[in-house]
Amino acid sequence: MLAAPVRVPNHDAMVVLMPILVNGEIVPAELIREEERCLAQLPEWRSIPDGIEKGMRSRQAAESCVIDSVLLRQEADKDARPIDPALVAAQVQRLTTTESCRVLFDDRPLSRQIEGQMRLQRTMRDLMGPLPQPTEDEIGRLYQAQRHDFQRPEIVHATHIVKHVDETHPEGDARAGIEGALAALERGEPFAAVADRYSDCKGNGGDLGSFERGVMVEEFDNVVFAMQPGERSAIFRTPFGFHIAEIRSKAPGGGIAELCEVRDTIRYFLTTMREQDAARQVAERLRAQARIRRISEREAQDLAPARRAG
(Lines give C-alpha, C1' and ligand atoms only; values in the text may rest on other atoms or scores of the structure.)
Protein backbone atom coordinates (compact mmCIF):
# COMPACT_ATOMS: atom_id res chain seq x y z
CA MET A 1 0.00 0.00 0.00
CA LEU A 2 1.05 3.63 -0.41
CA ALA A 3 3.04 5.24 2.36
CA ALA A 4 1.86 8.46 3.97
CA PRO A 5 2.76 11.67 2.09
CA VAL A 6 6.21 13.03 2.95
CA ARG A 7 6.67 16.79 3.44
CA VAL A 8 9.56 18.83 2.16
CA PRO A 9 10.92 21.29 4.73
CA ASN A 10 10.40 24.49 2.73
CA HIS A 11 8.05 27.43 2.95
CA ASP A 12 5.40 25.73 0.79
CA ALA A 13 5.53 22.44 2.73
CA MET A 14 4.71 20.64 -0.50
CA VAL A 15 4.37 16.85 -0.65
CA VAL A 16 7.39 15.08 -2.10
CA LEU A 17 6.46 13.55 -5.43
CA MET A 18 8.03 10.11 -5.88
CA PRO A 19 7.73 7.39 -8.52
CA ILE A 20 5.33 4.57 -7.67
CA LEU A 21 5.72 0.88 -8.44
CA VAL A 22 2.42 -0.72 -9.49
CA ASN A 23 2.65 -4.49 -9.91
CA GLY A 24 6.27 -4.10 -10.94
CA GLU A 25 5.57 -1.26 -13.36
CA ILE A 26 7.11 2.14 -12.72
CA VAL A 27 4.78 5.13 -12.64
CA PRO A 28 7.12 8.11 -13.16
CA ALA A 29 6.72 11.14 -10.94
CA GLU A 30 6.25 13.32 -14.03
CA LEU A 31 3.15 11.35 -15.04
CA ILE A 32 1.61 12.08 -11.64
CA ARG A 33 2.67 15.72 -11.89
CA GLU A 34 0.96 16.02 -15.30
CA GLU A 35 -2.24 14.52 -13.89
CA GLU A 36 -2.07 17.02 -11.03
CA ARG A 37 -1.80 19.88 -13.55
CA CYS A 38 -4.88 18.57 -15.34
CA LEU A 39 -6.86 18.31 -12.10
CA ALA A 40 -5.91 21.87 -11.22
CA GLN A 41 -7.85 23.11 -14.27
CA LEU A 42 -11.13 21.53 -13.17
CA PRO A 43 -13.70 23.94 -11.65
CA GLU A 44 -14.04 21.92 -8.45
CA TRP A 45 -10.31 22.26 -7.80
CA ARG A 46 -9.93 25.85 -8.97
CA SER A 47 -12.57 26.92 -6.45
CA ILE A 48 -10.48 25.63 -3.51
CA PRO A 49 -8.15 28.27 -2.02
CA ASP A 50 -4.46 27.59 -2.54
CA GLY A 51 -2.65 26.19 0.47
CA ILE A 52 -0.95 23.19 2.01
CA GLU A 53 -4.16 21.15 2.29
CA LYS A 54 -5.11 21.76 -1.35
CA GLY A 55 -1.62 20.75 -2.47
CA MET A 56 -1.74 17.51 -0.50
CA ARG A 57 -5.27 16.65 -1.61
CA SER A 58 -4.61 17.37 -5.29
CA ARG A 59 -1.42 15.31 -5.26
CA GLN A 60 -3.13 12.39 -3.56
CA ALA A 61 -6.01 12.61 -6.04
CA ALA A 62 -3.54 12.68 -8.94
CA GLU A 63 -1.74 9.62 -7.60
CA SER A 64 -5.02 7.75 -7.21
CA CYS A 65 -6.16 8.61 -10.74
CA VAL A 66 -2.88 7.52 -12.29
CA ILE A 67 -2.69 4.30 -10.26
CA ASP A 68 -6.27 3.36 -11.15
CA SER A 69 -5.56 4.03 -14.83
CA VAL A 70 -2.43 1.86 -14.75
CA LEU A 71 -4.25 -0.99 -13.00
CA LEU A 72 -7.08 -0.90 -15.53
CA ARG A 73 -4.65 -0.83 -18.45
CA GLN A 74 -2.74 -3.77 -16.96
CA GLU A 75 -5.99 -5.72 -16.86
CA ALA A 76 -6.76 -4.73 -20.45
CA ASP A 77 -3.30 -5.91 -21.54
CA LYS A 78 -4.17 -9.41 -20.34
CA ASP A 79 -7.06 -9.61 -22.81
CA ALA A 80 -5.83 -10.89 -26.16
CA ARG A 81 -9.16 -10.44 -27.94
CA PRO A 82 -8.78 -8.07 -30.93
CA ILE A 83 -10.75 -4.88 -31.34
CA ASP A 84 -12.83 -4.79 -34.51
CA PRO A 85 -10.88 -2.60 -36.99
CA ALA A 86 -14.18 -1.45 -38.52
CA LEU A 87 -15.26 0.04 -35.17
CA VAL A 88 -11.93 1.86 -34.85
CA ALA A 89 -12.14 3.19 -38.41
CA ALA A 90 -15.72 4.39 -37.85
CA GLN A 91 -14.68 6.27 -34.71
CA VAL A 92 -11.72 7.87 -36.51
CA GLN A 93 -14.06 8.97 -39.28
CA ARG A 94 -16.56 10.40 -36.81
CA LEU A 95 -13.92 12.37 -34.93
CA THR A 96 -12.27 13.78 -38.03
CA THR A 97 -15.52 14.81 -39.74
CA THR A 98 -18.14 15.65 -37.12
CA GLU A 99 -16.12 16.78 -34.11
CA SER A 100 -12.61 17.94 -34.77
CA CYS A 101 -13.19 18.62 -38.48
CA ARG A 102 -9.42 18.56 -38.90
CA VAL A 103 -7.51 17.20 -41.86
CA LEU A 104 -5.21 14.43 -40.66
CA PHE A 105 -2.39 13.44 -42.96
CA ASP A 106 -1.71 10.34 -40.87
CA ASP A 107 -4.53 8.94 -38.74
CA ARG A 108 -2.56 5.95 -37.43
CA PRO A 109 -1.73 7.59 -34.06
CA LEU A 110 -5.41 8.45 -33.60
CA SER A 111 -6.39 4.89 -34.55
CA ARG A 112 -4.01 3.45 -31.96
CA GLN A 113 -5.35 5.82 -29.33
CA ILE A 114 -8.96 4.90 -30.09
CA GLU A 115 -8.17 1.18 -30.07
CA GLY A 116 -6.54 1.57 -26.66
CA GLN A 117 -9.57 3.43 -25.33
CA MET A 118 -11.89 0.73 -26.64
CA ARG A 119 -9.81 -1.94 -24.91
CA LEU A 120 -10.04 -0.06 -21.63
CA GLN A 121 -13.78 0.44 -22.01
CA ARG A 122 -14.31 -3.26 -22.78
CA THR A 123 -12.23 -4.28 -19.76
CA MET A 124 -14.13 -1.92 -17.48
CA ARG A 125 -17.47 -3.25 -18.75
CA ASP A 126 -16.33 -6.82 -18.12
CA LEU A 127 -15.13 -5.99 -14.59
CA MET A 128 -18.28 -4.05 -13.69
CA GLY A 129 -20.63 -6.70 -15.04
CA PRO A 130 -24.23 -6.00 -16.05
CA LEU A 131 -25.77 -2.98 -14.37
CA PRO A 132 -29.52 -2.59 -13.81
CA GLN A 133 -31.12 0.11 -15.90
CA PRO A 134 -33.09 2.90 -14.19
CA THR A 135 -36.77 2.09 -13.87
CA GLU A 136 -39.62 4.44 -14.71
CA ASP A 137 -40.43 4.64 -10.99
CA GLU A 138 -36.87 5.75 -10.18
CA ILE A 139 -36.97 8.35 -12.94
CA GLY A 140 -40.33 9.65 -11.75
CA ARG A 141 -39.26 9.87 -8.10
CA LEU A 142 -36.12 11.86 -8.96
CA TYR A 143 -38.18 14.21 -11.14
CA GLN A 144 -40.75 14.82 -8.41
CA ALA A 145 -38.05 15.38 -5.78
CA GLN A 146 -36.09 17.86 -7.91
CA ARG A 147 -38.58 19.11 -10.48
CA HIS A 148 -37.74 22.77 -9.80
CA ASP A 149 -34.20 22.07 -10.98
CA PHE A 150 -35.42 21.06 -14.44
CA GLN A 151 -35.75 24.48 -16.05
CA ARG A 152 -36.20 24.71 -19.81
CA PRO A 153 -32.91 25.97 -21.30
CA GLU A 154 -32.51 28.66 -23.91
CA ILE A 155 -31.78 26.97 -27.25
CA VAL A 156 -30.38 28.30 -30.52
CA HIS A 157 -30.12 26.76 -33.96
CA ALA A 158 -26.91 27.99 -35.54
CA THR A 159 -24.72 27.54 -38.58
CA HIS A 160 -21.06 28.50 -38.77
CA ILE A 161 -17.93 28.79 -40.83
CA VAL A 162 -14.66 27.93 -39.10
CA LYS A 163 -11.01 28.22 -40.04
CA HIS A 164 -8.89 26.27 -37.56
CA VAL A 165 -5.74 27.55 -35.96
CA ASP A 166 -3.44 24.73 -34.87
CA GLU A 167 -0.15 23.04 -35.64
CA THR A 168 -1.13 22.47 -39.27
CA HIS A 169 -3.15 25.66 -39.80
CA PRO A 170 -1.14 28.89 -39.17
CA GLU A 171 -3.09 31.81 -37.76
CA GLY A 172 -2.30 34.03 -40.74
CA ASP A 173 -3.69 31.47 -43.21
CA ALA A 174 -6.78 30.94 -41.07
CA ARG A 175 -7.41 34.67 -40.81
CA ALA A 176 -7.08 35.10 -44.57
CA GLY A 177 -9.48 32.21 -45.14
CA ILE A 178 -12.17 33.52 -42.82
CA GLU A 179 -11.89 37.00 -44.34
CA GLY A 180 -12.38 35.44 -47.76
CA ALA A 181 -15.53 33.77 -46.47
CA LEU A 182 -16.81 37.06 -45.03
CA ALA A 183 -16.20 38.83 -48.33
CA ALA A 184 -18.25 36.16 -50.13
CA LEU A 185 -21.10 36.57 -47.65
CA GLU A 186 -21.04 40.33 -48.06
CA ARG A 187 -21.34 39.84 -51.84
CA GLY A 188 -24.66 38.12 -51.12
CA GLU A 189 -23.65 34.49 -51.53
CA PRO A 190 -25.77 32.02 -49.46
CA PHE A 191 -24.29 31.13 -46.08
CA ALA A 192 -24.51 27.37 -46.69
CA ALA A 193 -22.66 27.62 -50.01
CA VAL A 194 -19.91 29.76 -48.49
CA ALA A 195 -19.57 27.34 -45.56
CA ASP A 196 -19.18 24.36 -47.86
CA ARG A 197 -16.53 26.19 -49.87
CA TYR A 198 -14.49 27.88 -47.14
CA SER A 199 -15.08 26.14 -43.83
CA ASP A 200 -12.75 23.54 -42.32
CA CYS A 201 -15.96 21.73 -41.32
CA LYS A 202 -17.32 21.18 -44.81
CA GLY A 203 -20.66 19.58 -45.51
CA ASN A 204 -24.23 20.30 -44.43
CA GLY A 205 -23.75 24.01 -45.04
CA GLY A 206 -22.11 24.53 -41.66
CA ASP A 207 -25.31 23.55 -39.83
CA LEU A 208 -24.65 22.88 -36.13
CA GLY A 209 -28.25 22.02 -35.30
CA SER A 210 -29.93 23.17 -32.09
CA PHE A 211 -28.07 23.31 -28.79
CA GLU A 212 -28.17 24.90 -25.34
CA ARG A 213 -25.49 26.73 -23.42
CA GLY A 214 -22.54 24.63 -22.40
CA VAL A 215 -22.51 22.37 -25.42
CA MET A 216 -20.11 24.64 -27.30
CA VAL A 217 -17.09 26.43 -25.85
CA GLU A 218 -17.83 29.56 -23.84
CA GLU A 219 -16.43 31.95 -26.47
CA PHE A 220 -18.83 30.52 -29.07
CA ASP A 221 -21.82 30.59 -26.70
CA ASN A 222 -21.16 34.22 -25.78
CA VAL A 223 -21.56 35.24 -29.42
CA VAL A 224 -24.44 33.09 -30.65
CA PHE A 225 -26.69 33.43 -27.60
CA ALA A 226 -26.44 37.23 -27.86
CA MET A 227 -27.80 37.13 -31.44
CA GLN A 228 -31.33 36.97 -32.82
CA PRO A 229 -32.71 34.74 -35.62
CA GLY A 230 -31.47 35.88 -39.01
CA GLU A 231 -28.45 37.70 -37.61
CA ARG A 232 -24.91 36.96 -38.76
CA SER A 233 -21.89 37.59 -36.56
CA ALA A 234 -18.67 39.35 -37.36
CA ILE A 235 -15.49 37.29 -37.37
CA PHE A 236 -14.73 36.08 -33.84
CA ARG A 237 -12.13 33.88 -32.18
CA THR A 238 -12.39 30.74 -30.02
CA PRO A 239 -9.69 28.26 -28.95
CA PHE A 240 -10.38 26.38 -32.19
CA GLY A 241 -9.80 29.31 -34.54
CA PHE A 242 -11.84 31.95 -36.39
CA HIS A 243 -15.61 31.72 -36.87
CA ILE A 244 -18.57 33.39 -38.51
CA ALA A 245 -21.96 32.30 -37.15
CA GLU A 246 -25.55 32.79 -38.26
CA ILE A 247 -28.65 32.13 -36.16
CA ARG A 248 -31.57 30.30 -37.75
CA SER A 249 -33.91 30.15 -34.75
CA LYS A 250 -33.94 30.74 -31.02
CA ALA A 251 -36.15 29.34 -28.27
CA PRO A 252 -36.22 31.24 -24.97
CA GLY A 253 -35.73 29.26 -21.79
CA GLY A 254 -37.71 29.42 -18.59
CA GLY A 255 -40.37 27.39 -16.84
CA ILE A 256 -40.25 23.89 -15.40
CA ALA A 257 -39.84 21.17 -18.00
CA GLU A 258 -42.35 18.32 -18.09
CA LEU A 259 -41.16 14.81 -17.22
CA CYS A 260 -41.46 13.75 -20.85
CA GLU A 261 -38.96 16.48 -21.80
CA VAL A 262 -36.29 15.41 -19.32
CA ARG A 263 -36.88 11.67 -19.01
CA ASP A 264 -33.84 10.81 -21.12
CA THR A 265 -31.67 13.28 -19.20
CA ILE A 266 -32.68 11.73 -15.87
CA ARG A 267 -32.14 8.22 -17.21
CA TYR A 268 -28.67 9.20 -18.38
CA PHE A 269 -27.88 10.78 -15.00
CA LEU A 270 -28.98 7.72 -13.03
CA THR A 271 -27.12 5.40 -15.38
CA THR A 272 -23.96 7.48 -15.08
CA MET A 273 -24.18 7.46 -11.28
CA ARG A 274 -24.46 3.66 -11.29
CA GLU A 275 -21.53 3.33 -13.66
CA GLN A 276 -19.38 5.62 -11.52
CA ASP A 277 -20.23 3.67 -8.38
CA ALA A 278 -19.43 0.38 -10.12
CA ALA A 279 -16.16 1.82 -11.44
CA ARG A 280 -15.16 2.85 -7.91
CA GLN A 281 -15.80 -0.69 -6.71
CA VAL A 282 -13.68 -2.06 -9.57
CA ALA A 283 -10.82 0.29 -8.62
CA GLU A 284 -11.05 -0.81 -4.99
CA ARG A 285 -10.88 -4.49 -5.99
CA LEU A 286 -7.90 -3.92 -8.28
CA ARG A 287 -6.07 -1.95 -5.61
CA ALA A 288 -6.74 -4.63 -2.99
CA GLN A 289 -5.11 -7.22 -5.26
CA ALA A 290 -2.21 -5.04 -6.40
CA ARG A 291 1.31 -4.49 -5.15
CA ILE A 292 1.71 -0.71 -4.83
CA ARG A 293 4.50 1.21 -3.18
CA ARG A 294 6.42 4.44 -3.54
CA ILE A 295 10.04 4.16 -4.61
CA SER A 296 12.96 6.57 -4.79
CA GLU A 297 14.29 8.00 -8.03
CA ARG A 298 17.44 5.89 -7.51
CA GLU A 299 15.38 2.71 -7.22
CA ALA A 300 13.42 3.71 -10.30
CA GLN A 301 16.68 4.02 -12.22
CA ASP A 302 17.83 0.63 -10.93
CA LEU A 303 14.56 -0.86 -12.14
CA ALA A 304 14.94 0.71 -15.58
CA PRO A 305 14.39 -2.61 -17.40
CA ALA A 306 10.88 -2.67 -15.91
CA ARG A 307 8.21 -1.19 -18.11
CA ARG A 308 7.28 2.38 -17.34
CA ALA A 309 3.71 3.60 -17.32
CA GLY A 310 2.79 6.46 -19.59
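Points to keep in mind about this one:
- Calculated mean residue ellipticity, 222 nm, the chain: -16000 deg cm²/dmol, from DSSP H runs (n ≥ 4) at -39500 (n - 2.57) each, averaged per residue and rounded to 500.
- Label point 7 Å beyond Cα of D277 along Cβ direction - residues of region 112-141 with amide nitrogen under 18 Å: 125, 127-141
- Only the Cβ atoms of Lys and Arg (+1) and of Asp and Glu (-1) were treated as charged; on that basis the dipole of region 187-310 about its Cα centre amounts to roughly 740 debye.
- Candidate residues H243, H169: accessible-area rank, largest first, probe 1.4 Å: H169, H243
- Between C38 and R248, the FRET efficiency from the beta-carbon distance, with R0 = 35 Å, is close to 0.45.
- With a Förster radius of 25 Å applied to the beta-carbon distance between W45 and L120, the computed FRET efficiency rounds to 0.55.
- Within straight-line cross-link reach of K202, lysines at Cα separation under 29 Å, skipping those fewer than 8 residues along the same chain: K163, K250
- Under 5 Å, built H, 5+ apart or other chain: amide partners of R248: H157, A158, T159, G230
- Each Lys and Arg adds +1 at its Cβ and each Asp and Glu adds -1 at its Cβ; summed about the Cα centre, the chain shows a dipole of about 740 debye.
- Estimated distance in nm for a label pair at T96 and Q146, the labels positioned 7 Å out from Cα along Cα-to-Cβ: 4.0 nm
- Point-charge dipole on Cβ atoms (K/R +1, D/E -1) for region 257-303, about Cα centre, debye to 20: 340 debye
- Multiplying the residue separation of A89 and Q228 by 0.36 nm and removing their Cα-Cα distance gives an extension gain of 46.1 nm.
- The gain in end-to-end length when the T135 to K202 segment is fully stretched comes to 20.0 nm, 0.36 nm per residue minus the alpha carbon separation.
- Percent RCO, i.e. relative contact order, over the chain, from Cα pairs under 8 Å lying at least 6 residues apart: 27 percent
- With R₀ set to 30 Å, the beta-carbon distance separating L259 from V215 gives a calculated FRET efficiency near 0.85.
- Burial order of peptide ranges 220-231, 78-89 (average beta-carbon count within 10 Å, highest first): 220-231, 78-89
- Converting phi to 3J(HN,Hα) with the Karplus coefficients 6.51, -1.76 and 1.60 and the offset θ = phi - 60°, region 188-198 yields x, 6, x, 4, 4, 5, 5, 4, 5, 8, 9 Hz in sequence order, with x at every glycine or proline.
- Approximating the spin labels as points 7 Å out from Cα along Cα→Cβ, the D77-to-R285 distance works out to 2.1 nm.
- Peptides ranked, highest mean first, by Cβ atoms within 10 Å: ranges 270-279, 155-164: 155-164, 270-279
- Region 239-310 and region 135-214 have Cα centres separated by 24 Å.
The values are calculated or read from the model by the stated rules, or taken from the named source; none is laboratory data. A quick note: this is a predicted structure, and the numbers were derived from the prediction, not measured. Ideal geometry is used to build each Cβ from the backbone, glycine not excepted, and the neighbour counts take in all protein chains shown. Protein only, heavy atoms only, side chains kept; ligands, DNA and RNA dropped before computing areas. Shrake-Rupley method; radii C 1.70, N 1.55, O 1.52, S 1.80 Å.
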